[in-house]
């Protein structure tokens, strides 16, 4: 039985978003990217002369055939607060010999967990960009088909003055364009490697920390920040804010369409929305879901801002709060984008009158 609506078979069809996004937050996906980190770290440290080049090659080759013991990872995480110490133990035993002792050299658990998160968010961001483009395509279709028609402008839930369909479409589109621009700027701060070692100083690397970090970032296809960010969570919180802004704008779109459907005569929708008690009804379920998802993310955002408060060089409490909240916000955003695209594609007519 699933604990939340994003994984429950009875609710995830409406609220779950893309399966590719949900899959990013499985234990298997997390560990797979953690292995990529450890392999890339060996390459970077071998190139910088921090570890013997032969041992680096042995680590990389050996990790290709590694299969994690997830049951042990789960029980160890309950003991250690994070799965990485047990994963490293398994990796060193798997690699074996002297080379095995150089696995994870100079790194810390948070380097692995945070970089794994960022690499998975890279894929989520790509999917979001694609889905926003899909939404633009549907808005363009509505503009071409119905932009010149009239709607009644409504202010404070009361009829005001006539507007065009183009006016309302513009109010839906412009925030999404701004969110796209925000995302491009945010990616420079967000999609960066985490590598600081025990207390952020890379003290075990003998003055070669910067070279290793630069090569590690290149191997992983990530940006290189100005130092570690173990306890500096502003970029993560900024991303959560972006998620809430995006779903909020999509929620406004959904709310508008639900109210237009209530008014009657201004919009015609295809698709589902059946009622078990009233067969004559066609409920605007996609529009309602957009409102729900917007409110969900708005509520979660306060928790992500609470998680900014990391004490000293590392926090266990604030860090694990992120694990509870951020994946759900990402999945809610994916669901909102899917629902928005489906909702707009099901608009058969918009506005009154003919072109």
Reported set for the range 187-237 where residues are surrounded by fewer than 17 Cβ atoms within 10 Å (Cβ to Cβ) and either assigned to a helix (DSSP H, G or I) or touching a strand residue (DSSP E or B) at 6+ places or on another chain (Cβ under 8 Å) (or both) is 188, 189, 203, 204, 210, 211, 214, 218, 223, 224, 234
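Does the range 95-119 hold any residues that are assigned to a helix (DSSP H, G or I) and touching a helix residue (DSSP H, G or I) at 6+ places or on another chain (Cβ under 6 Å), and which are they?
95, 99, 100, 109, 112, 115, 116, 119, listed by residue number.
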In the range 148-170, how many are over 17 Å from residue 264 (Cβ atoms), touching a residue at least 60 places away in the same chain (Cβ under 8 Å) and outside any strand (DSSP E or B)? 1
Only one of 154, 165, 125 is touching a strand residue (DSSP E or B) at 6+ places or on another chain (Cβ under 8 Å) and at pLDDT 95 or above, namely 165
Does at least one position in the range 86-95 carry a residue that is exposed (fewer than 14 other Cβ atoms within 10 Å of the Cβ) and either over 24 Å from the mean Cα position of the chain (by Cα) or within 26 Å of residue 54 (Cβ to Cβ) (or both)? yes
Filter result (within 17 Å of the chain's Cα centre (by Cα) and under 19 Å from residue 228 (Cα atoms)) within the range 281-322: 307, 319, 320, 322
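The values are calculated or read from the model by the stated rules, or taken from the named source; none is laboratory data. Just so we're clear, the structure is a prediction, and the values are computed from it rather than from any experiment. Note: ideal-geometry Cβ built from the backbone for every residue, glycine included; neighbour counts use all protein chains shown.
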